[in-house]
Amino acid sequence: MTLMAQLVLLCLCASLLTEVAGVLQRSTSHAEAETTSGTAVSMGLELRVAEANKAVHKMAYFGQITVGDPPQEFTVVFDTGSANLIIPGSGCNTEACTSHRRFNMKASPTARRVNCDGSEVGDDGADEITITFGTGEITGICVKDQICVGSACSQGDFISSLDETSQPFASFTFDGVLGLALPSMAQSKEFSMMSRMQSGSSLKKSLFSVFLSDSNEETSEVTFGAVKQEHMASEMFWVDVTGTSGYWEVRISDITIDSKAQLLCEDCRVAVDTGTSQLAGPSALMSSLRSRVDVKPDCSNYHSLPQLGFIIGGRILNLAPADYVDKMGQTCSISMMDLDVPPPAGPLFIFGIPFLQKYYTVYDPIASRVGFAVANHKGRTPEALLTFNPDLASAVAPTKPASFLSTLRANARAPLTAR
């Protein structure tokens, strides 16, 4: 968790509906856990951009939750790279806490202390926890109370801070972090929202999806309990999670430049992380990628830069220069940072916000898999989702552009094939 809890944050005609439903059912290798009733909850996310230096910007998407009864509101990053809810507590008087909303345990009769492994408090009293982040740390107590994301509420454990270092927390424009990683990363299953989704959930489906946009013309959102077709400009394909670290981690077969394999990956893995503002990866591979892509600091080659792609699940997930380059005026910098995650969790790539603005993602904790589709952004022409041909060591493109709906129509009448 500590390496990943960064800044953050934040998915036709009546005659077609039956066909679409049939195609979508066949396009997955196994069905999501779905209740006969239930609801889906969408939370709008706000994007904040802070200038880290002349060319690099730190981005975070955050939305609102409530904690306690009566409810107390907090803004949080919905972070797939961590697994606990952390918010400032009323007992914390450092600048980092007093500049944000703080949880008042005394104002919520349903709140009670628990140990930070999720166990009940014994005769020795409740314990505390200290979590170290890259440039700071938080010390807090652990509390059980009602946690609500929109209308979806459940009893859960969380960390209420007693102390937060000024760096980096005082500069945050949000109050805390809601971790959405898999349960094995949490303090215990009582701390894990994914565990609560899997047991006794009032949601229609035990999954969530993330749609991120950098445009004011559309709303970024995280949706609990549903996959939103309107956010998809391609079919969705699913990839199994690898490892047991708790990250939403999948395997990368290789990296491509202009859809040609570079033979850089032997055992590459990537964590999909809504709380990271850049792309990141092992320093040795990052150095090689920077050299091959060769972004000029004065932006002189910006318009001739290649597509940078990652082969996942037999598809090439391409990023255009606008997706992987921070451009401010005539200053350019590649949006890739070095991150050497030690074994056994690493080495590991991180797909942060630049990737998640390009691709709509769905997280299924029941089946332990991640779904990917090209994001459908208002006023933009989406790129095709390319299939990688290992015999040619390059992509196989569609013979002509085809809309997602026309593909669904065709697939409704024929056996499903990968696209």
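Identify, please: which residue in the range 172-190 is of a type in the set (D, E, K, R) and either assigned to a helix (DSSP H, G or I) or under 20 Å from residue 113 (Cα atoms) (or both) and is, among those, least open to solvent (accessible area, probe 1.4 Å)? So that I can check it myself, show each step before the final result.
As a first pass, look at the range 172-190 and keep what is of a type in the set (D, E, K, R): 175, 189-190.
From the residues that got through so far, the ones that are either assigned to a helix (DSSP H, G or I) or under 20 Å from residue 113 (Cα atoms) (or both) too are 189-190.
Numbers: 189: 138, 190: 58 Å².
By that ranking, first place goes to 190.
Looking only at the range 94-140, how many residues end up being of a type in the set (A, V, I, L, M, F, W, C) and open to solvent by 30 Å² or more (accessible area, probe 1.4 Å)?
Residues of the range 94-140 of a type in the set (A, V, I, L, M, F, W, C): 96-97, 103, 105, 107, 111, 114, 116, 121, 126, 129, 131, 133, 138.
Restricting the remaining residues to those that are open to solvent by 30 Å² or more (accessible area, probe 1.4 Å) gives 105, 107, 121, 126.
Adding up the residues that qualify gives 4.
Take residues that are within 15 Å of residue 211 (Cα to Cα), open to solvent by less than 10 Å² (accessible area, probe 1.4 Å) and at pLDDT 95 or above and tell me which of the strands (runs of 3 or more DSSP E) falling wholly in the range 221-299 contain 1 or more. First the steps, then the outcome.
Numbers: elements: 237-240, 249-252, 254-257, 268-272, 279-281.
Correct list: 268-272.
Each residue in the range 79-96 was checked for being within 14 Å of residue 193 (Cβ to Cβ) and not small (Gly, Ala, Ser), and 6 of them qualify. For the range 198-214, the condition of being open to solvent by 20 Å² or more (accessible area, probe 1.4 Å), part of a loop (DSSP other than H, G, I, E, B) and under 24 Å from residue 377 (Cβ atoms) holds for at least one residue.
For (1) among the charged types (D, E, K, R); (2) within 26 Å of residue 271 (Cα to Cα); (3) modelled with pLDDT under 90, each residue gets a yes or a no:
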| position | (1), (2), (3) |
| --- | --- |
| 109 | no, no, no |
| 136 | no, yes, yes |
| 144 | yes, no, no |
| 165 | no, no, no |
| 169 | no, yes, yes |
| 179 | no, yes, no |
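Any residue at all in the range 372-379 that is at pLDDT 90 or above, exposed (fewer than 13 other Cβ atoms within 10 Å of the Cβ) and charged (D, E, K, R)? Yes, the range 372-379 has at least one match. Is it the case, given these coordinates, that residue 296 is charged (D, E, K, R) and in contact with a strand residue (DSSP E or B) (Cβ under 7 Å, 6 or more places away or on another chain)? Yes; evaluated as a whole, the condition is true for this residue. Residues that are out of contact with any Cys (no Cβ under 9 Å at 6 or more places or on another chain), of a type in the set (Lys, Arg) and over 30 Å from residue 176 (Cα atoms) do not occur anywhere in the range 263-275. Residue 395: touching a strand residue (DSSP E or B) at 6+ places or on another chain (Cβ under 6 Å) and modelled with pLDDT of 80 or more, yes or no? Taking the combined requirement at face value, the residue does not satisfy it.
Which of the strands (runs of 3 or more DSSP E) found entirely inside the range 304-346 contain at least 1 residues meeting this: aromatic (Phe, Trp, Tyr) and open to solvent by less than 10 Å² (accessible area, probe 1.4 Å)? Walk me through it before giving the result.
Numbers: elements: 308-312, 315-319, 325-328, 331-334, 336-338.
Those strands (runs of 3 or more DSSP E) span 308-312.
Taken over the range 42-63, the residue count meeting the criterion of being at pLDDT 50 or above, among the aliphatic types (A, V, I, L, M) and in contact with a Lys or Arg (Cβ under 8 Å, 6 or more places away or on another chain) is 4. Residue 355 meets each of the listed conditions (1) modelled with pLDDT under 90; (2) assigned to a helix (DSSP H, G or I) apart from (1).
The values are calculated or read from the model by the stated rules, or taken from the named source; none is laboratory data. Since this is a predicted model, take the numbers as computed values, not measurements. When we count neighbours, we look across all protein chains shown, and the Cβ atoms used for this are built from the backbone with ideal geometry, even at glycine. Remember, those area values only see protein heavy atoms, side chains included, never the ligands or the DNA or RNA. Shrake-Rupley method; radii C 1.70, N 1.55, O 1.52, S 1.80 Å.
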